[in-house]
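The values are calculated or read from the model by the stated rules, or taken from the named source; none is laboratory data. The shown structure was predicted, so the numbers you read here are calculated from the model rather than taken from an experiment. Here the Cβ is made from the backbone with ideal geometry for all residues, glycine too, and neighbour counts use every protein chain on show. When the accessible area is computed, the model is the full protein with side chains, heavy atoms only, and any ligands, DNA or RNA have been set aside. Shrake-Rupley method; radii C 1.70, N 1.55, O 1.52, S 1.80 Å.
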Amino acid sequence: MNAAHYPLIADFKKRGVAILCDDYDATGRSVMVAACQNINESLLNEALTLSRGLPWVAVSPSRAEAFLLTRMYRPSPQVDSLYRSEMTTNLYVSVDAREGISTGISIHDRVRTLNVLGEVIPNPRKLIRPGHIFPVETCAGGILVRHALPEGALDIVRICGYTDAAFFIDMLDHNGAFLAPADRNELARTQRIPCTNLSELTAYRLQSENLVMRMAEANLPIAATGPIRSYIYRSKLHGGEHLALVKGDISPDQPVLTRVQMEFTAADVFGGSSPPSRQQIQASLRQIGGAAQGVFLYLRRSTKGCLKDQIMSVAKPESPRPTLKLREYGIGAQILYDLGVRRIKLLTNTGADMAGLKAFGLEIVGQYPLNLTEEQHHG
């Protein structure tokens, strides 16, 4: 999909707002999006009137750092129910513009704050906190890393040439529930608002962008699989290196037995005699070794402090274990695509929602359980 086949770009610049839909969310959630840099009172009033939701601002990590934004560790119940639990993303402490406003709640005052957040050169002295606008943390790499509405909103405004601060607001009905797709489409038609979804936006970005580079490859002798081909990929975003182990010849038409696992160094390498994550690795390799084609993808974590969290979860077994959420591993999807995988027979015991992979050109054709019992016998 090139710019000529993605009319959202021109339509968004002309209209000033767009509707972005999460086409893989069971609720049909959608948001109205505008660029903070040039939003005006008329556009904000229209967005608030049509959407009835709570305003957010998606900012890039670099812009959040430049504004000295601090994370909100204890969001209010309203914020928590509407955003944090839904998107598993951090909120920043709310802000207002320091000058040019009164209470901070009026349309004029909110526009002033939004424009400050969208200025070409961020100036932290122009903001005070707490306020009435809630900035939201996003992942570097946007929708190609996390398949979610905040990243999508930010991608839209950046693709259209605006700064990396995107106003977005949930579209709700009269009862406060997410607006039904049919009602959303009718609103978009009557108000002449361009509408797109996360999968279309992802497809557009994938046409010209790639966040991973293949750095090295070699044959490895692994006892559980026999000879296997290894590939090292590096993320252009974080510099981290990821490992792909490939059994057999990969064909786009052939379903491939695939296991995607996030590193858990503390347990994988050091954590006891038979930790669950190490069992999963060995069971995956054994099952892939018995298949004609297979891929084991080991993704490195890039978040600061992840090793500390792993150590604490080993020390306190009741602590929640770090998990890999499918919506967050666009990096892994790009690696699989580069390897030639298109159809996946997924090795998993979690039954996770796999819908987001379709946007990356991958299809789940089946889910197969890890045979951990067999692994215990061999351990």
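Report the FRET efficiency, 1/(1 + (r/R0)^6), for Y368 and D173, where r is their Cβ-Cβ distance and R0 is 51 Å, rounded to 0.05.
Rounded to the nearest 0.05, the efficiency is 0.80.
What spacing in nm lies between the two simple spin-label points modelled at C160 and F270, each 7 Å away from Cα in the Cβ direction?
Going by the 7 Å Cα→Cβ label model, 4.9 nm.
Got a sec? What order do R15, R234 fall in by accessible area at 1.4 Å, biggest, i.e. largest, first?
R234, R15
Of E99, E241, which has the most accessible area and how do the rest follow, probe 1.4 Å?
The ordering from most to least exposed comes out as E99, E241.
Kindly list the residues of the stretch 116-160 that lie in the label zone of L68, defined by a backbone N under 17 Å from the point 7 Å along the Cα-to-C-beta vector.
117, 121-131
Stretched out fully, how many nm does the piece from H238 to M213 gain, at 0.36 nm a residue minus the Cα gap?
That works out to 7.8 nm of additional length.
Karplus couplings for the stretch 238-253 from phi (6.51 cos²θ - 1.76 cosθ + 1.60, θ = phi - 60°), rounded to Hz, Gly and Pro as x?
Whole-Hz 3J(HN,Hα) from phi for the stretch 238-253: 10, x, x, 10, 10, 10, 10, 10, 10, 9, x, 9, 8, 10, x, 8.
Rounded, prolate or oblate: pick one for the stretch 1-71, where a ≥ b ≥ c are the square roots of the eigenvalues of its C-alpha gyration tensor, a/c under 1.5 means rounded, and failing that, prolate if a/b is larger than b/c, else oblate.
Here the stretch 1-71 falls in the rounded category.
How much length, in nm to one decimal, is gained on full extension between A10 and S42, taken as 0.36 nm per residue of separation minus their Cα-Cα distance?
9.5 nm
Averaged per residue, what accessible surface does the stretch 110-224 expose to a 1.4 Å probe, in Å²?
Each residue of the stretch 110-224 exposes 43 Å² on average to a 1.4 Å probe.
Does the stretch 217-291 come out rounded, prolate or oblate by the C-alpha gyration tensor, with a ≥ b ≥ c the root eigenvalues, rounded set by a/c under 1.5 and, if not, prolate when a/b is larger than b/c and oblate if not?
oblate
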